[in-house]
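See below for the structure under consideration.
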Amino acid sequence: MANPSASSAETGAPLRLSGGVFTLSILHLESADPRQLAQRITEERQRHPAAADFHRHAPIVLDLSAIPEEAPLALAEILQVLRAADWFPVGLRNAAPRHQALAQEQHLPILRGQERGIAPQPQPEASPVLAPIAQGSLLIDHPIRGGQRSYARGGDLICLAAVNAGAEIMADGNIHVYGPLRGRALAGVNGQEEARIFCANLEAELVSVAGLYRTLETNHPLWGQAAQIYSRDEQLHIIPLNL
């Protein structure tokens with residue numbers, strides 16, 4: 001006579017797959033030389049040790065839009081450099097066909113991104129003060145405690161109270177904080193370079209716009225003041241915000 005419990009154990013539960021949305025850091029590879037990459041990582045960690053600690057053990061997507069198709073790519077060595085830096089490469093985007101074949105050899109998926117060969121359209125000079133509020137914004141009317149994470153997917157994040165130390169707020173669009181910003185704020189997390197961060201009281205641990213990040217200390221000229229943060233010419237700018 002068959003044992004019902006044994007049959008159930010052998011069958012097991014069905015495999016369940018579901019979708020999810022995750023925030024991934026994108027590393028824009030500027031050179032196909034693994035040695036240059038290792039040197040740049042070392043320099044950045046010496047220059048911004050707190051930011052380096054923030055990205056430790058982070059999943060990384062490699063963007064190859066700056067690497068010509070005919071350029072040799074030592075992908076295996078590049079992956080070793082990233083893993084030695086405590087980063088976890090999880091995929092490639094904007095890869096040429098020959099580089100996609102290398103990714104398959106390394107069991108890395110090809111992720112969708114901006115099409116290769118299509119230059120971004122020039123944007124008009126943005127106002128240094130005003131930015132539109134995107135559709136689908138997330139409004140939070142209570143303080144965000146340390147250890148909490150809030151993410152506005154597809155729009156702006158608007159906080160009417162304090163963002164405390166140890167908290168993390170993220171948005172695909174702009175971030176507005178009408179109180180003290182003491183945690184980490186990451187705007188334009190999907191690469192929107194026009195995104196900005198606005199806050200009434202800047203005391204942030206780290207700010208980031210479209211992948212450019214900066215850690216702050218109490219000796220910053222705008223510490224404790226109303227400020228806005230935006231990216232331009234591959235640099236992060238922090239200027240006063242006239243409320």
(message) Residue under question is ILE144, and the condition is that it be modelled with pLDDT of 90 or more and out of contact with any Pro (no Cβ under 8 Å at 6 or more places or on another chain); does it hold?
(response) yes
(message) If I ask for residues that are farther than 21 Å from MET170 by Cβ and in contact with a strand residue (DSSP E or B) (Cβ under 8 Å, 6 or more places away or on another chain), which ones from region 187-225 would you list?
(response) HIS220, LEU222, TRP223, GLY224, GLN225
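Identify all residues within region 210-243 that are at positive phi and surrounded by 15 or more Cβ atoms within 10 Å (Cβ to Cβ); write none if there are none.
Going residue by residue through region 210-243, those that are at positive phi are 210-211, 224, 233-234.
The answer is ALA210, GLY211.
The values are calculated or read from the model by the stated rules, or taken from the named source; none is laboratory data. What you see is a predicted model; the values in this text were computed from it and never measured. Backbone-built Cβ (ideal geometry, glycine too); neighbour counts: all protein chains shown.
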